[in-house]
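The values are calculated or read from the model by the stated rules, or taken from the named source; none is laboratory data. Computed from a prediction, not measured in an experiment: that's the story for all the values here. Backbone-built Cβ (ideal geometry, glycine too); neighbour counts: all protein chains shown. For the accessible areas, the whole protein counts, side chains as well, though only heavy atoms, and no ligand, DNA or RNA atoms are used. Shrake-Rupley method; radii C 1.70, N 1.55, O 1.52, S 1.80 Å.
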Amino acid sequence: MQVNRTIPFPKAMVGEVLFCSALLAVFLPVKIYPFVFLLASMFFLWDSPALLRHYWVLFLMIFSGYAAVIFLAVRPADQQAMTNFLKLPINFTFLYASVGWLAQRDNSRLLRLVDVMLHIALGLTLLQLLVYHQATGFRWIAGAPTSAHGSALYRPSHFFWGLDDKNMFGARIALLGFAYLLLPVAKSRSIVWWRILLVLLLAWLSLSRTPVVALVIGIGCLLWVASSIRWRVVLGAVALLAAPFIAQKVVRIDHIMASNDGMGVRLVYWRAFFEHFTAISPLGNGFMAARDFLGQYAKFYHGEPHIHNTFLTCYLDFGVVGLLSYLLFLIYFYRFCLAKQPNSRGFWLIALLPLLAIMMILYSGYDNDIILYLVLVFLLGSTHPEAVSRLKGRVG
């Protein structure tokens with residue numbers, strides 16, 4: 001495999017523009033991102049001198065192929081099911097084509113462009129959230145009392161950027177926001193505090209617990225690994241002092257079992273999954289099986305196409321083959337990244353923690369946010385081979 005290949009300027013710019021366009025396209029209210037993903041994928045495959053071969057690609061193909069068989073054989077294709085299924089081949093093709101393209105070129109200039117695009121994306125995200133809050137008279141600027149109040153912030157009439165769903169928008173803020181604050185870590189071994197504060201502000205304004213919890217996990221681990229023993233003591237003390245606030249204002253523990261609370265809903269769904277595990281075929285119950293399964297077995301059901309856990313959803317929909325192949329895809333993708341830069345084990349682990357945290361409470365597994373995050377993490381970690389432990393003394 002060729003590495004750091006120099007591409008003629010016009011051709012290089014086409015690929016980089018397509019890559020950045022794909023990054024911004026997922027935020028547009030008009031869903032043009034599948035077209036952008038496909039266009040970018042075709043260019044990346046054409047521009048790559050060799051097709052990428054790795055175990056993670058094999059297990060991704062097994063998962064995709066089995067999902068296609070289950071979709072065609074088990075479930076009638078209504079409009080919602082067809083729309084959701086098309087995400088799978090489009091998003092996974094973009095992942096394969098992007099990573100294969102990035103692995104065979106010099107991405108230094110692309111990294112700078114991605115930094116600019118993330119500035120734009122998160123700047124418009126801040127504007128969108130402020131518009132939502134302004135429409136409610138900023139009454140929930142200090143936090144929403146319940147999950148239902150948080151969802152009420154997202155008024156379709158004021159939507160112009162990102163997503164009009166609290167949990168999904170919050171997850172996108174967490175993933176792309178964490179990539180945004182990891183960029184200077186990978187590029188110059190620096191922790192930039194204003195980036196951390198900006199991303200945490202966006203997570204707070206989203207009124208979703210998902211991004212705040214995921215970011216606290218990711219940022220906490222990053223600071224812990226990069227700190228000396230003395231500063232780890234300080235971090236531990238801060239964590240203990242902040243725990244009551246996080247439990248009350250972020251997790252909203254007083255309402256966690258309510259039927260209109262997002263976490264309460266998840267607990268009901270997960271309980272139904274485990275209590276009626278024998279009602280799930282080892283081959284899977286079919287694509288988007290949560291609709292029938294939760295409608296029959298859950299204490300209440302709000303119509304979601306998944307069970308609010310990527311891995312439980314994989315098993316419910318695609319059985320043992322789907323869950324096992326998806327897990328092996330993630331494991332071997334991590335090993336692929338690690339082989340690219342063996343000295344950056346800490347970086348790869350820290351980068352994957354927020355993703356895993358969100359996957360435990362959201363996502364179907366083939367969503368565009370997951371794909372973009374994996375691509376961005378590979379771009380960051382493979383461009384600048386720096387160990388996170390070298391961040392000591394470089395905080396700025």
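Brief remarks follow.
- Residues that are assigned to a helix (DSSP H, G or I), crowded, with 20+ Cβ neighbours inside 10 Å and not aliphatic (A, V, I, L, M), drawn from segment 7-42: GLY15, PHE19, TYR33, PHE37, SER41
- Of all residues making up segment 133-162, the number that are assigned to a loop (DSSP other than H, G, I, E, B) and either farther than 14 Å from SER206 by Cβ or not β-branched (Val, Ile, Thr) (or both): 16
- Taking segment 357-396 as the range and being of a type in the set (Gly, Ala, Ser), over 10 Å from the mean Cα position of the chain (by Cα) and either at pLDDT 90 or above or open to solvent by 10 Å² or more (accessible area, probe 1.4 Å) (or both) as the test, the residues that pass are SER364, SER382, ALA387, SER389, GLY393, GLY396.
- Every residue from segment 269-284 that is within 18 Å of ALA67 (Cα to Cα) and crowded, with 21+ Cβ neighbours inside 10 Å: GLY284
- Applying the criterion of being out of contact with any Leu (no Cβ under 7 Å at 6 or more places or on another chain) and farther than 25 Å from THR146 by Cα to the residues of segment 292-311, the residue that is surrounded by the most Cβ atoms within 10 Å (Cβ to Cβ) is TYR297.
- Every residue from segment 46-85 that is farther than 30 Å from ASP106 by Cα and free of Cβ contacts under 8 Å to residues at least 24 places away in the same chain: GLY65, ALA68, VAL69, LEU72, ALA73, PRO76, ALA77, ASP78, GLN79, MET82, THR83
- Selection over segment 308-349 of residues that are closer than 15 Å to PHE273 by Cβ and of a type in the set (Ser, Thr, Tyr) gives a count of 3.
- Of everything in segment 231-257 that is open to solvent by 100 Å² or more (accessible area, probe 1.4 Å) and under 27 Å from the mean Cα position of the chain (by Cα), the residue that is modelled with the lowest pLDDT is MET257.
- Only one entry in LEU176, LEU235 is closer than 19 Å to ASP115 by Cα and assigned to a helix (DSSP H, G or I), namely LEU176.
- Whichever residue in segment 290-309 is without any contact (Cβ under 8 Å) to a residue 40 or more places away in the chain and hydrophobic (A, V, I, L, M, F, W, C) and, among such residues, is nearest to ARG266 (Cα to Cα): ILE307
- Restricting segment 156-165 to residues that are open to solvent by 10 Å² or more (accessible area, probe 1.4 Å) and in contact with a helix residue (DSSP H, G or I) (Cβ under 6 Å, 6 or more places away or on another chain), the residue that is nearest to ASP115 (Cα to Cα): TRP161
- Exclusive hit being within 24 Å of TYR180 (Cα to Cα), touching a Phe, Trp or Tyr at 6+ places or on another chain (Cβ under 6 Å) and open to solvent by 40 Å² or more (accessible area, probe 1.4 Å), set LEU118, LEU124, LEU130: LEU124
- Within segment 104-132, residues that are over 16 Å from TRP194 (Cα atoms) sit with their Cβ atoms under 6 Å from residues that are among the basic types (Lys, Arg), at 6+ positions apart or across chains, in these pairs: GLN104/ARG5; ARG105/ARG5.
- Within segment 43-78, considering residues that are among the charged types (D, E, K, R) and farther than 17 Å from TYR96 by Cβ, the one surrounded by the fewest Cβ atoms within 10 Å (Cβ to Cβ): ASP78
- The residues on offer are ALA142, ALA171, ALA103, ALA148, and the sole one that is under 21 Å from ALA214 (Cα atoms), crowded, with 16+ Cβ neighbours inside 10 Å and out of contact with any strand residue (DSSP E or B) (no Cβ under 9 Å at 6 or more places or on another chain) is ALA171.
- Among residues of segment 220-230, those that are of a type in the set (A, V, I, L, M, F, W, C) and either surrounded by fewer than 13 Cβ atoms within 10 Å (Cβ to Cβ) or at pLDDT 90 or above (or both), counted: 1
- The set of residues in segment 179-216 being surrounded by 19 or more Cβ atoms within 10 Å (Cβ to Cβ), in a loop (DSSP other than H, G, I, E, B) and touching a residue at least 60 places away in the same chain (Cβ under 8 Å) consists of ARG189, ILE191, SER206, LEU207.
- From the options ILE307, ILE331, ILE280, residue that is β-branched (Val, Ile, Thr), more than 20 Å from GLY177 (Cα to Cα) and more than 21 Å from the chain's Cα centre (by Cα): ILE280
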